[in-house]
1. Quick check: anything in region 52-74 among the small types (Gly, Ala, Ser), farther than 17 Å from Leu127 by Cα, more than 9 Å from ligand 2 (Cβ to nearest atom) and modelled with pLDDT of 95 or more?
2. Read through the list (1) modelled with pLDDT of 95 or more; (2) more than 22 Å from Phe154 (Cα to Cα); (3) loosely packed, with under 14 Cβ neighbours inside 10 Å; (4) of a type in the set (Gly, Ala, Ser), then give the number of the only condition that Ala294 fails.
3. Taking the residues in region 308-321 that are at pLDDT 95 or above and of a type in the set (S, T, N, Q) as candidates, determine which candidate is nearest to Leu289 (Cα to Cα).
4. Among the residues of region 84-114 satisfying the criterion of being part of a helix (DSSP H, G or I) and in contact with a Lys or Arg (Cβ under 7 Å, 6 or more places away or on another chain), which is nearest to Asp41 (Cα to Cα)?
5. Return the pairs, sorted by first residue and then second, in which the second residue is among the small types (Gly, Ala, Ser) and part of a strand (DSSP E or B), the first residue lies in region 124-148 and is touching a residue at least 60 places away in the same chain (Cβ under 8 Å) and more than 14 Å from ligand 2 (Cβ to nearest atom), the beta carbons are less than 6 Å apart, and the residues are 6+ apart or on different chains.
6. Among the numbered conditions (1) charged (D, E, K, R); (2) more than 16 Å from ligand 1 (Cβ to nearest atom); (3) touching a residue at least 12 places away in the same chain (Cβ under 8 Å); (4) assigned to a helix (DSSP H, G or I), tell me where Lys170 comes up short.
7. Has region 65-82 got at least one residue that is free of Cβ contacts under 8 Å to residues at least 40 places away in the same chain, surrounded by fewer than 22 Cβ atoms within 10 Å (Cβ to Cβ) and either within 25 Å of the chain's Cα centre (by Cα) or not assigned by TED's automatic domain parsing to the domain that holds His176 (or both)?
Amino acid sequence: MARQHVDHSDIVRFAQDKVNLPKDKASGYRAQARRLRERLDSYLSEHPDFSLKKILMAGSLAKGTPLRSLNDIDMACYISGADTPQEVGDLLEYLAERLRTAFPNFKSDQVTPQTYSVTVSFRGSGLDVDVVPILYDGDPDWYGNLVSQDDGSFLETNIAFHLEFIRKRKKEQERHFAQVARLLKFWVKNVKREREDFRFKSFMVELILAHLCDRGDDFADYPEALQHFFTYVARSNLRERIVFDDYYDPSEVGSFSEPIQIIDPVNQANNVSKLYTNSQAEAIVDAALDAGDAIDATLRAPTKGETVYYWQKVFGPSFSM
Ligand SMILES: Nc1ncnc2c1ncn2[C@@H]1O[C@H](COP(=O)(O)OP(=O)(O)OP(=O)(O)O)[C@@H](O)[C@H]1O
Ligand SMILES: [Mg+2]
């Protein structure tokens with residue numbers, strides 16, 4: 001009786017209708033980001049000593065994992081120069097002032113420093129762009145110190161390599177890798193709706209999924225792919241270290257003291273989940289157990305109504321078919 005009532009194709013339809021950012025919107029937002037990049041490039045060609053060296057799309061829109069609920073365009077901006085402030089508040093003011101210089105057609109109040117980023121507001125057309133600073137001192141591979149959006153600390157990392165890392169897994173499992181990532185992010189949003197203090201960073205979800213991809217799990221059937229993820233989280237208790245060999249030798253990774261250890265694929269010294277406590281890890285494991293149980297129940301449910309009921313436990317009340 002398995003899959004009698006809701007199967008893979010129903011999840012595909014749900015994803016298209018409720019989860020994914022529609023393609024035309026995504027390309028509009030990408031074009032918006034591209035225009036900013038081109039404007040900075042043309043300013044730089046006339047002012048080669050300018051301190052903003054590059055701006056690029058980062059985050060879900062760049063990785064192809066945005067949800068329909070996307071509310072800003074993430075970009076990262078590389079800043080260099082001897083007079084660059086090293087304190088976050090000052091750095092954001094400095095970045096805002098330089099962005100106003102490079103984008104003179106924006107009014108001054110359209111460029112505003114936030115806690116850990118600078119918003120470039122488009123007023124009516126498109127989404128706001130959220131610019132995150134990266135302190136950059138000329139590394140040829142574009143490694144730099146990214147301001148963490150969680151606590152304002154500096155993280156040595158490489159956004160372009162992250163995009164390349166994700167692109168590789170997307171190629172391994174075309175369509176499916178990104179789709180399963182978006183479904184899982186939608187699940188996270190639903191858990192957050194119920195538990196205000198629940199945290200599970202999108203990048204962590206994507207890295208766990210990359211780990212499953214690398215060990216050979218098949219994501220082509222979405223109920224099964226989701227089960228792979230929830231089973232992994234429950235079985236490992238999220239206490240198994242996850243490392244990748246794309247950009248360094250895993251045997252050279254040192255030891256970490258934090259409960260969750262998902263190591264940045266581009267910097268072996270950066271634990272992407274370092275801010276997560278034991279109780280936050282347990283909350284994720286509990287939520288994964290609940291979701292896994294609910295998916296098991298969908299397979300045994302005798303009626304369509306009951307099947308939908310269990311899928312709603314995973315994805316919330318917007319799930320329908
Ligand atoms: N702890 C970290 N260490 C290194 N890089 C990070 C870290 N956190 C975030 N990043 C970088 O920032 C990018 C965006 O972060 P994140 O994945 O949390 O948001 P997102 O993909 O935009 O998803 P959302 O839809 O939740 O906004 C990541 O792809 C990664 O390049
Ligand atoms: Mg984002």
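The values are calculated or read from the model by the stated rules, or taken from the named source; none is laboratory data. Treat the numbers as computed from the prediction; the structure is a model and nothing was measured. All Cβ positions, glycine included, derive from the backbone under ideal geometry; neighbour counts span all protein chains shown.
1. Here is the first cut: in region 52-74, the ones among the small types (Gly, Ala, Ser) are 58-60, 62, 64, 69.
In the following step, the residues that additionally are farther than 17 Å from Leu127 by Cα were identified as none.
Checking region 52-74: not a single residue is among the small types (Gly, Ala, Ser), farther than 17 Å from Leu127 by Cα, more than 9 Å from ligand 2 (Cβ to nearest atom) and modelled with pLDDT of 95 or more.
2. (3)
3. First, pick out the residues of region 308-321 that are at pLDDT 95 or above: 308-319.
Next, from what is left, pick out any that are of a type in the set (S, T, N, Q): 312, 318.
On the way: Gln312: 15, Ser318: 21 Å.
Here the residue is Gln312.
4. Filtering region 84-114 for residues part of a helix (DSSP H, G or I) gives 88-102, 108-110.
Still in the list and also in contact with a Lys or Arg (Cβ under 7 Å, 6 or more places away or on another chain): 102, 108, 110.
Numbers: Ala102: 9, Ser108: 20, Gln110: 20 Å.
Of everything passing the filter in region 84-114, Ala102 is nearest to Asp41 (Cα to Cα).
5. From residues that are touching a residue at least 60 places away in the same chain (Cβ under 8 Å) and more than 14 Å from ligand 2 (Cβ to nearest atom), the pairs are Tyr136/Gly144.
6. (2)
7. First, pick out the residues of region 65-82 that are free of Cβ contacts under 8 Å to residues at least 40 places away in the same chain: 81-82.
After this cut, where a residue has to be surrounded by fewer than 22 Cβ atoms within 10 Å (Cβ to Cβ) as well, the list is 81-82.
If we keep only those that are either within 25 Å of the chain's Cα centre (by Cα) or not assigned by TED's automatic domain parsing to the domain that holds His176 (or both) as well, we get 81-82.
Within region 65-82 (the criterion being free of Cβ contacts under 8 Å to residues at least 40 places away in the same chain, surrounded by fewer than 22 Cβ atoms within 10 Å (Cβ to Cβ) and either within 25 Å of the chain's Cα centre (by Cα) or not assigned by TED's automatic domain parsing to the domain that holds His176 (or both)), the answer is yes, since at least one residue qualifies.
Residue-wise test of (1) away from ligand 2 (no atom under 16 Å from the Cβ); (2) within 23 Å of Lys168 (Cβ to Cβ); (3) in contact with a strand residue (DSSP E or B) (Cβ under 7 Å, 6 or more places away or on another chain).
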site	(1), (2), (3)
Phe229	yes, yes, no
Ile262	yes, yes, yes
Thr277	yes, no, no
Glu306	yes, no, no
Tyr309	yes, no, no
